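Data first, discussion second: the structure below is written as C-alpha cells.
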Protein chains: 2
Amino acid sequence: MSQDRFIDRLARALDGAGTPACVGLDPVLERLPESVRAGHWEPARAIGAFCKGVIDAVAGRVGVVKPQAACFERYGSAGVAVLEHLVEHARERGLVVILDAKRGDIGVSAEHYAAAVRHMGADAVTVNAYLGPSTVEPYLDAGLGVFVLVRTSNPDSDAVQARELAGGTTVAGMMAGHVRELGRTRLGSCGLSDAGAVVGATKASDGAMLRGLMPEQVFLVPGYGAQGGTADDVRALVREGAGSAGASGVVVNASRSVLYPGGGGDWCEAIARAAGEFARDVAGVIGPG
Amino acid sequence: MSQDRFIDRLARALDGAGTPACVGLDPVLERLPESVRAGHWEPARAIGAFCKGVIDAVAGRVGVVKPQAACFERYGSAGVAVLEHLVEHARERGLVVILDAKRGDIGVSAEHYAAAVRHMGADAVTVNAYLGPSTVEPYLDAGLGVFVLVRTSNPDSDAVQARELAGGTTVAGMMAGHVRELGRTRLGSCGLSDAGAVVGATKASDGAMLRGLMPEQVFLVPGYGAQGGTADDVRALVREGAGSAGASGVVVNASRSVLYPGGGGDWCEAIARAAGEFARDVAGVIGPG
C-alpha cells in the first residue's frame with residue numbers, strides 16, 4: 001500500500017527523535033513567563049507567543065506535540081486562530097501534531113468535526129466514543145489518526161470506566177475491544193494502527209490488561225511527571241520486545257513539567273532543557289535502560 | 001434563593017413560547033438556499049447569513065435554539081467567529097441557547113471548556129461524561145446548564161450505552177444515576193435541575209426507565225422529525241402530570257425538517273412556517289392533545 005498512513009509518519013517522528021516523548025501545549029495565562037505576559041495585551045496572543053517559543057525549544061528533542069484545544073477555545077475565535085497558526089508552525093518544524101480536542105458526535109456532525117481537524121492541519125485527534133464505535137470512523141476515513149478515550153488517569157474516571165460489565169470485563173475493557181476492532185483494517189507498514197487509545201499513566205494496574213486487549217494500538221499516555229505518572233507505570237504499557245521508540249506502542253505526554261520548569265534564566269532554554277531531560281527519561285523506559 | 005438559574009430561565013422561555021420545541025442550527029453549505037449561497041464567497045459567512053435568517057424566523061415560535069458547534073468549527077476560526085455572532089443574536093432575540101458541543105475533559109481543561117462556553121455567550125452546553133461525573137462540575141460551577149449524554153438515537157450507540165453492567169443496569173442507566181446525583185444540589189425554583197440529560201427520541205423503549213432514574217432532569221431530545229423520532233416516542237419521556245412546556249421535563253429538537261422544509265417561495269417564510277408546525281406538534285405532546 002503506497003498511502004502514507006498517520007501511524008507510519010508517527011513512527012518515523014518517534015524514531016527520528018529517539019524517544020516516544022510528546023510535549024503537551026496546555027498554556028495557562030497565569031503561568032506564562034513575565035516577559036511574555038508583559039509583551040502582549042491580548043491573552044490569546046500571549047499564549048500564542050509562548051507556545052511558538054515552546055515549539056522552537058522542543059523541536060528536535062521530541063517528535064510530537066499535543067495542543068490542548070480547550071486552552072485556546074477559552075479565548076473564542078481569536079484563540080482558535082492562534083491554535084491554527086501554532087499547528088502550522090509545529091508541522092513546519094517537523095513535529096507530528098495530535099490535537100487534544102476529545103471530540104465525539106454522531107453521523108454528519110462527526111464528519112464536520114473531522115473536517116475541522118483537517119482544517120486545523122493536525123495529524124491526529126483525541127476522540128470520545130461514548131456515542132458508539134462507528135462515530136470514530138469519519139476521522140479515520142478523513143486520513144487522521146485517532147486516540148480513543150479508553151482509560152484516563154483522573155481518580156473520578158473509575159465511576160464510569162472501571163465499572164464491571166455483565167460477563168466480566170469493564171467499561172474500559174469494552175471500549176478497548178471497540179478500538180481494536182476499528183483499527184484492524186487500518187494498519188500501517190509498521191504493524192500498528194491509525195486507531196490508538198488514550199490510557200493514563202497512573203492506571204498501570206490496568207495497563208497489562210489493556211495492552212493485551214489492544215496489541216496493535218499506540219497508547220497516548222498523559223499524566224507523566226506533574227500528574228503523578230512514573231517510568232514504571234509507562235513500562236507496563238510498552239509493547240513487548242519493542243526495540244525502538246516508533247515500535248514501542250506508546251506516546252508519553254508531559255505538559256506542566258516541561259512548560260513550567262521553574263528556576264531562573266532564559267525561559268526558552270529552561271524549556272529546551274526540561275524537554276531534553278523528559279525525552280531521555282522516557283527513552284530509557286523502552287530502551288535497555 | 002435569588003440567583004437566576006439556567007433551569008428557571010429555560011422554563012420561562014418554554015412557557016413563553018408555549019412549547020418545549022427547540023430548533024437545531026446545523027447548517028450545511030450544500031443545503032443552503034441558492035440565494036444565500038450566491039450572496040457569499042466565504043462558506044462561513046454563508047452559513048452565518050442563513051442561520052441569522054433562521055433565528056429571526058423562529059424567534060417567538062420556539063424558545064430555544066441549539067447550534068451544532070461542529071458545523072461552524074469545520075471552517076476554523078472564521079466559523080467560530082460566526083458562531084459567536086449568532087449566539088449573541090439569538091440571545092438578543094430572547095432565545096435560550098444550548099451549545100451542542102459535546103465537550104468532555106478533565107480537571108483544568110474542563111474549566112477551560114466551561115470558560116469557552118461562557119465566552120461564546122451560550123446558556124448551556126452538551127457534555128460527555130465518559131471521563132467521570134466530576135468532570136461535569138466545572139460547567140455547572142460556571143453557572144451554565146448542562147445536558148449530559150446518556151442515551152443517543154444513533155443505532156450504533158447500543159454497542160456502548162446498552163451494554164449491561166454487573167448488577168443489572170446498563171451503561172446508560174449508570175450514567176443517568178450520575179446525572180441525577182450531579183443535579184441534586186442544583187435545583188431551580190421550578191423544581192428541575194441545571195443538570196439535564198441527552199436522551200434520544202428513537203430510544204423510547206428506554207424512556208420510562210430513564211425518566212424513573214432522572215425525575216428532576218430536563219431531557220434534551222434530538223432526532224425528532226427527519227431522524228425518525230415521533231410524538232409517541234417523546235410522550236414516554238415527558239414528566240407525569242406536567243401541565244406546561246416549562247414543567248414538561250423535555251426540550252425536543254428538530255433541525256433538518258425545519259431548516260430545509262423544501263417547496264418554493266421565500267425561504268425565511270418557509271422556515272417560519274415549518275417552525276410553527278413543529279412547535280404546535282410538540283406542544284400537543286404535552287398538552288391535552
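Out of all the residues in the stretch A:27-52, which are within 14 Å of chain B (Cβ to nearest Cβ) and not in a helix (DSSP H, G or I)?
Taking the stretch A:27-52 as the starting set, the residues that turn out to be within 14 Å of chain B (Cβ to nearest Cβ) are A:27-31, A:42-45, A:47-48.
Within the stretch A:27-52, A:Pro27, A:Val28, A:Glu42 meet the criteria.
Given (1) in contact with a helix residue (DSSP H, G or I) (Cβ under 6 Å, 6 or more places away or on another chain); (2) in contact (Cβ under 8 Å) with a residue 60 or more places away in the chain, identify the lone condition not met by B:Gly94.
The failed condition is (1).
Restricting to the stretch A:76-107, give me the number of residues that are open to solvent by 10 Å² or more (accessible area, probe 1.4 Å) and facing another protein chain (nearest Cβ under 7 Å).
The number of residues fulfilling the criteria is 7.
Each row is one residue, and each column tells you yes or no for (1) closer than 26 Å to A:Asp8 by Cβ; (2) aliphatic (A, V, I, L, M); (3) open to solvent by 40 Å² or more (accessible area, probe 1.4 Å); (4) in contact with a Ser or Thr (Cβ under 9 Å, 6 or more places away or on another chain).
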{"position": "A:Met209", "(1), (2), (3), (4)": "no, yes, yes, yes"}
{"position": "A:Gly223", "(1), (2), (3), (4)": "no, no, no, yes"}
{"position": "A:Gln227", "(1), (2), (3), (4)": "no, no, yes, yes"}
{"position": "A:Gly243", "(1), (2), (3), (4)": "yes, no, yes, no"}
{"position": "A:Tyr260", "(1), (2), (3), (4)": "no, no, no, no"}
{"position": "A:Ile271", "(1), (2), (3), (4)": "no, yes, no, no"}
{"position": "A:Phe278", "(1), (2), (3), (4)": "yes, no, no, yes"}
{"position": "A:Asp281", "(1), (2), (3), (4)": "yes, no, yes, yes"}
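If the requirement is being facing chain B (nearest Cβ under 10 Å) and in contact with a helix residue (DSSP H, G or I) (Cβ under 6 Å, 6 or more places away or on another chain), which of these qualifies: A:Ser157, A:Ser153, A:Ser189? Give the steps one after another, and end with the answer.
Numbers: A:Ser157 fails: in contact with a helix residue (DSSP H, G or I) (Cβ under 6 Å, 6 or more places away or on another chain); A:Ser189 fails: facing chain B (nearest Cβ under 10 Å).
Selected residue: A:Ser153, the only one of A:Ser157, A:Ser153, A:Ser189 that is facing chain B (nearest Cβ under 10 Å) and in contact with a helix residue (DSSP H, G or I) (Cβ under 6 Å, 6 or more places away or on another chain).
Among the residues of the stretch A:177-192, are any touching a strand residue (DSSP E or B) at 6+ places or on another chain (Cβ under 8 Å) and over 20 Å from A:Ala11 (Cβ atoms)?
Yes - at least one qualifying residue is present in the stretch A:177-192.
Yes or no: the stretch B:115-136 includes at least one residue that is open to solvent by 20 Å² or more (accessible area, probe 1.4 Å), modelled with pLDDT under 95 and more than 7 Å from chain A (Cβ to nearest Cβ).
No, the conditions are met nowhere in the stretch B:115-136.
When you check A:Leu237 against the structure, is it open to solvent by less than 60 Å² (accessible area, probe 1.4 Å) and touching a Phe, Trp or Tyr at 6+ places or on another chain (Cβ under 6 Å), yes or no?
Numbers: open to solvent by less than 60 Å² (accessible area, probe 1.4 Å): yes; touching a Phe, Trp or Tyr at 6+ places or on another chain (Cβ under 6 Å): yes.
It is true that A:Leu237 is open to solvent by less than 60 Å² (accessible area, probe 1.4 Å) and touching a Phe, Trp or Tyr at 6+ places or on another chain (Cβ under 6 Å).
Looking at the structure I just gave you, is A:Gly24 in a helix (DSSP H, G or I), touching a residue at least 24 places away in the same chain (Cβ under 8 Å) and not polar (S, T, N, Q)? Spell out how you get there, then give the answer.
Numbers: in a helix (DSSP H, G or I): no; touching a residue at least 24 places away in the same chain (Cβ under 8 Å): yes; not polar (S, T, N, Q): yes.
Criteria not met by A:Gly24.
Examine the stretch A:35-45 for a residue that is out of contact with any Pro (no Cβ under 6 Å at 6 or more places or on another chain), more than 30 Å from A:Ser244 (Cβ to Cβ), hydrophobic (A, V, I, L, M, F, W, C) and touching a residue at least 60 places away in the same chain (Cβ under 8 Å), and state whether such a residue exists.
Checked the stretch A:35-45: at least one residue is out of contact with any Pro (no Cβ under 6 Å at 6 or more places or on another chain), more than 30 Å from A:Ser244 (Cβ to Cβ), hydrophobic (A, V, I, L, M, F, W, C) and touching a residue at least 60 places away in the same chain (Cβ under 8 Å).
Within the stretch A:115-129, can you find the residues that are in contact with a helix residue (DSSP H, G or I) (Cβ under 6 Å, 6 or more places away or on another chain) and within 27 Å of A:Gly228 (Cα to Cα)? If you could, list the steps in order and put the result at the bottom.
First pass over the stretch A:115-129, keeping only residues in contact with a helix residue (DSSP H, G or I) (Cβ under 6 Å, 6 or more places away or on another chain): A:116, A:119-125, A:127, A:129.
Within the stretch A:115-129, A:Ala124, A:Val125, A:Val127, A:Ala129 qualify.
Among the numbered criteria (1) more than 14 Å from chain B (Cβ to nearest Cβ); (2) more than 11 Å from A:Arg151 (Cβ to Cβ); (3) open to solvent by less than 40 Å² (accessible area, probe 1.4 Å), which single criterion is violated by A:Met214?
Failing condition for A:Met214: (2).
I'm trying to understand the selection: among the residues of the stretch A:1-48, which are open to solvent by 30 Å² or more (accessible area, probe 1.4 Å) and polar (S, T, N, Q)?
Answer for the stretch A:1-48, where residues must be open to solvent by 30 Å² or more (accessible area, probe 1.4 Å) and polar (S, T, N, Q): A:Ser2, A:Gln3, A:Ser35.
How many of the residues in the stretch A:167-184 are surrounded by fewer than 19 Cβ atoms within 10 Å (Cβ to Cβ) and either over 16 Å from A:Val218 (Cβ atoms) or within 11 Å of chain B (Cβ to nearest Cβ) (or both)?
Initially, the stretch A:167-184 is screened for residues surrounded by fewer than 19 Cβ atoms within 10 Å (Cβ to Cβ), giving A:167-169, A:177, A:180-181, A:184.
The next check asks that each one be either over 16 Å from A:Val218 (Cβ atoms) or within 11 Å of chain B (Cβ to nearest Cβ) (or both); those that pass are A:167-169, A:177, A:181.
The total comes to 5.
Counting residues that are over 21 Å from A:Leu187 (Cα atoms), over 19 Å from the mean Cα position of the chain (by Cα) and touching a residue at least 24 places away in the same chain (Cβ under 8 Å), which helices (runs of 4 or more DSSP H) fully inside the stretch A:97-170 reach at least 1?
On the way: elements: A:107-120, A:137-141, A:158-161.
Correct list: A:107-120.
The values are calculated or read from the model by the stated rules, or taken from the named source; none is laboratory data. Note that the structure is a prediction, hence the values are computed from the model and not measured. Please note: Cβ atoms are built from the backbone with ideal geometry, for glycine as well, and neighbour counts cover all protein chains shown. Ligands, DNA and RNA are excluded from the accessible area calculation, which covers all protein heavy atoms including side chains. Shrake-Rupley method; radii C 1.70, N 1.55, O 1.52, S 1.80 Å.
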